[in-house]
Amino acid sequence: MPTIRVSANGEAALETRDVRVRYGNNEAIKGITMEIPRKRVVALIGPSGCGKSTLLRCFNRMNDLVPSAAVTGEVLFHGENLYADHVDPVEVRRRIGMVFQKPNPFPKSIYDNVAFGPRLYGRPPDLDDIVERSLRQAALWDEVKDRMNDNALGLSGGQQQRLCIARALAVTPEILLMDEPASALDPIASAKIEELIQQLVEHYTIVIVTHNMQQAARVSHYTAYLYIGELIEYDDTNTIFTAPHEKHTEDYVTGRFG
Amino acid sequence: MSPADSARASRHFDQELQELRELLLRMASRAEEQVRNALAAVKQRDAQAAQRSIDRDGEIDALELEIEERTINLLARRQPMAGDLRTLVMTLKISTDIERVGDHAVNIAQCAKRLAEALPVPDVGDLDRMAEVSTGMLRDAIAAFIDRDAELARDVCQRDDQVDRYNDSVFRGMLSEMTRYPGAIVAALQMMLVARNLERIADLATNLGEDVIYIVEARTVKHHAGEVVSDVETEGEFDQ
């Protein structure tokens, strides 16, 4: 039986109930039930193929975009199942944003990148304010404020990733999902992303998938360890990295796995 | 990193951890031997043997420095987690405690030198039994660390009470010897000091036991005296 000790006590930003994901005949997620507490950072860790990115993508219906993927079970957001028939996946992705491993700015100006989402959802009169606020929240404003019309592809990798975070924040999500957001960055840029995560969690709930255990240990409040589609252990991060309850978790975090 | 790479890297780390464990074992064995030699010097009134003990303390100090340096390097380079993290952090604490055991052995050896020149105390009371229990605790605490034996570690912690009682008994016995044989006052005072150092060694062995329980079970038993360790009320009057 998995060790699950995280209870959001009614303060869950997201709750999954027996979530299963199949790609054809292959069950990638084998019935995961967990709560993501509000305004906390939750790290999903586990070896390659354990299902952590698949699980992350269930949280904002990104798996819908994979034709062979079939999701069952429930993901509750404000008490509502995100997979219910009447739910609009585009609205889901606005309220639950995602940042990917490789920074993927649009080949447009810095301003247009951040303004893209708000424009899509209507043309707010205070667009300049939204762009500035989002860039400030993403700790990028001071570096780009004098060149807002420059092409975003001219930014460094770390700046591009913060721009992508600003772009996600511009549509005022409640939850940010991050799929290895720093793994393509150098240590300094990576440290800036980690610092940013710790600032953002004052206002947002963050779920981060990372291969880097030290990073999970540094930034998260709670850590979930997955193995071949199962949630093996989910507990506060101090416990996972100093005294995990499951032997399998211990073997993974000490590098004895395999 | 592929699982195969990870396993290879881990085997090398295991090797480094094993070397560290062996160093700690060597240090602990040296400290235990030092205590035994110092106690033998007390018993045999052998000032030369006592001096040899005092001279060898530097070996323990050098081992402490080496263990400290290796542990800090491993913490920096390996960024250990879970059981490895607990082992390395506790290794630092254990080596400090063992170094203190070495210091107490030196104190006992110094008592032995003074005792060799003083009139003997006719009756040393429970001192021999106290020495036996204290050194047994030290030996078993080290064995518990080597074998990761939390049960043995718990047993060590429970024996601390007994040593405290012996310490009281030796203290009272020596007071009574002083009254009966004023010529033995110097020696009786030294015996009280020997007992106090043994009591400290037992305390340090108890610390080692608690650290072993933490390494093995990730449970902190320190300061939860009721569960594992004796209550501190019974500490000897001499323990100021």
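Derivation of every value follows stated rules applied to the coordinates shown; laboratory data play no part. Every value quoted in this text rests on a predicted model; they were computed, and no experiment measured them. Using ideal geometry, Cβ is built from the backbone for each residue, glycine included, and neighbour counts are taken over all protein chains shown.
Per residue of peptide A:44-51, the mean number of Cβ atoms on other chains within 10 Å of the residue Cβ is 1. Number of Lys-Lys pairs in the protein assembly as shown with C-alpha atoms under 21 Å apart and a separation of 8 or more places or on different chains: 11.
Working note: Cα atoms of chain A, range along each principal axis, descending, whole Å: 54, 43, 35.
Eigen-decomposition of the gyration tensor built on the alpha-carbon atoms of the range A:120-258 gives equivalent ellipsoid semi-axes of 34, 16, 12 angstrom, largest listed first. For chain B, the relative contact order works out to 23 percent when only alpha carbon pairs closer than 8 Å and six or more residues apart are counted. Shown for B:Met178, B:Met130: other C-beta atoms within 10 Å of each C-beta, ranked fewest to most, produce the order B:Met178, B:Met130. When only alpha carbons of the range A:32-99 are considered, Rg and Dmax amount to 12.2, 35 Å.
For the protein assembly as shown, the gyration tensor built on C-alpha atoms gives a prolate shape. Its axis ratio a/c (a ≥ b ≥ c) is at least 1.5, and a/b is the larger of a/b and b/c.
Springs join every pair of Cα atoms under 10 Å in this Gaussian network model of chain B, and among B:Ala76, B:Ala144, B:Ala112 the largest mean-square fluctuation is at B:Ala76.
Springs between Cα atoms under 10 Å define the GNM used for chain B, and in it the highest mean-square fluctuation of B:Val163, B:Val101, B:Val121 occurs at B:Val121. Against the main long axis of the alpha-carbon atoms of chain A, helix A:157-169 sits at an angle near 90°.
For the protein assembly as shown, the dipole from Cβ point charges (+1 on Lys and Arg, -1 on Asp and Glu) about the Cα centre works out to 1540 debye, to the nearest 20.
Amide H to amide H, with H built 1.01 Å from N, A:Gly73 comes under 5 Å of A:Arg20, counting only residues 5 or more places away or on other chains.
Projecting the Cα atoms of A:Leu76, A:Gly51, A:Ile96 onto the charge dipole of the range A:35-155 (Cβ charges, centred on the Cα centre) puts A:Gly51 farthest toward the positive pole.
Take each residue in A:242-253, count the other chain C-beta atoms within 10 Å of its C-beta, and the mean is 3. Rounded to the nearest 20, the size of the Cβ-charge dipole of the range B:62-182 about its Cα centre is 220 debye, with Lys and Arg at +1 and Asp and Glu at -1. Springs between alpha-carbon atoms under 10 Å, Gaussian network over chain B: tell me which of B:Asp128, B:Asp164, B:Asp97 tops the mean-square fluctuations. Most flexible of the set in this elastic network: B:Asp128.
Normalised by residue count, the range B:3-234 yields a Cα convex hull volume of 102 Å³ per residue. For the Cα atoms of chain A, what angle does the longest principal axis make with the long axis of helix A:187-200, in degrees from 0 to 90, nearest 10? That works out to roughly 90 degrees. Within 10 Å of each candidate Cβ there may be at most 14 other Cβ atoms; applying that plus a DSSP loop requirement, which GluC sites (Glu not before Pro) in the range A:123-208 survive? Here the GluC sites (Glu not before Pro) that fit, given the DSSP loop and packing criteria, are A:Glu202. Amide H to amide H distances under 5 Å link A:Ser109 with A:Ala152, where only residues 5 or more positions off or on other chains count and H is placed in the peptide plane.
Remark: the A:Glu11-A:Asp146 segment gains 44.5 nm on full extension, using 0.36 nm per residue and subtracting the alpha carbon distance.
When the range B:3-234 is described by a simple charge dipole with +1 on each Lys and Arg Cβ and -1 on each Asp and Glu Cβ, the residue from B:Ala144, B:Phe13, B:Asn37 located farthest towards its positive end is B:Asn37. Here the residues A:Val87, B:Val216, ranked from fewest to most Cβ neighbours within 10 Å of their Cβ, fall in the order A:Val87, B:Val216.
Averaged over its residues, how many other protein chain Cβ atoms are within 10 Å of peptide A:129-141's Cβ atoms? Write down the numbers at each step before the final one.
Values: counts 0, 0, 0, 0, 0, 0, 0, 0, 0, 0, 0, 0, 0.
Taking all residues of A:129-141 together, the mean is 0.
Taking the number of Cβ atoms within 10 Å of each Cβ as an exposure proxy, the fewest-first ranking of B:His12, A:His211 is B:His12, A:His211. The phi-based Karplus calculation (6.51 cos²θ - 1.76 cosθ + 1.60; θ = phi - 60°) puts the 3J(HN,Hα) values of the range A:236-250 at 5, 4, 4, 5, 4, 9, 10, 8, x, 8, 9, 4, 5, 5, 4 Hz, whole numbers, x for Gly and Pro.
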